[in-house]
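K.L.:
Once you've had a glance at the structure underneath, I'll fire off some questions.
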Amino acid sequence: QVQVVESGGGLVQAGGSLRLSCAASGSIFRIDAMAWSRQTPGKQRELVATITRDGRTRYFDSVKGRFTISRDSEKNMVYLQMKSLRPEDTAVYYCKQTQGFRDYWGQGTQVTVSS
């Protein structure tokens, strides 16, 4: 059984920073890719950032230059360093870790950015 847990969310002022962490435990032998997505109630979930096991990254346009995704595959960990946060970044952030064709999701962590 695989479990994924996010942490690090909270309330920050615009311009501030947060670092989100995601840990996977259970029967994961090797993670092929990791990702962060976010969702505001009533809107579609959007993909924020992805990283492969080889370290290749991609970002949603609005977070380029502000967010950095990183990984520690040996520990089944993925991180999202968020800087220069804006109110529009407010959302529930979800972590995904992928093995083969299977995706494992966490329950999400709330990020709220005040004006």
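Here, each number is a calculation from the coordinates, and none is a lab measurement. As the structure is a computational prediction, the values presented were derived from the model and not from experiment.
K.L.:
So what J values fall out for the range 16-31 if you push phi through Karplus, 6.51 cos²θ - 1.76 cosθ + 1.60 with θ = phi - 60°, rounded to Hz, Gly and Pro as x?
P.N.:
Result, rounded to whole Hz: x, 10, 9, 10, 8, 10, 9, 10, 10, 9, x, 7, 10, 8, 7, 8.
K.L.:
What are the ³J(HN,Hα) values, in whole Hz, obtained from phi via the Karplus relation 6.51 cos²θ - 1.76 cosθ + 1.60 with θ = phi - 60°, for each residue of the range 7-15 in sequence order, with x given for Gly and Pro?
P.N.:
Along the range 7-15, the couplings run 8, x, x, x, 9, 9, 7, 3, x Hz.
K.L.:
Any idea what Rg and Dmax come out to for the chain if you just take the C-alpha atoms, in Å?
P.N.:
13.5, 43
K.L.:
How about Lys75: which lysines have a C-alpha closer than 25 Å to its C-alpha, ignoring those fewer than 8 places off in the same chain?
P.N.:
Lys83, Lys96
K.L.:
Out of residues 5 or more away from Gly16 or on other chains, whose amide H comes under 5 Å of its own, with H placed 1.01 Å from N in the peptide plane?
P.N.:
For Gly16, the qualifying residues are Leu85.
K.L.:
Let me ask something additional. Can you list the HN-Hα couplings for the range 69-84, worked out from phi with the Karplus curve (6.51, -1.76, 1.60; θ = phi - 60°), rounded to whole Hz and with x for Gly and Pro?
P.N.:
These are the phi-based 3J(HN,Hα) values: 9, 9, 9, 9, 5, 5, 9, 6, 10, 9, 10, 9, 8, 10, 10, 6 Hz.
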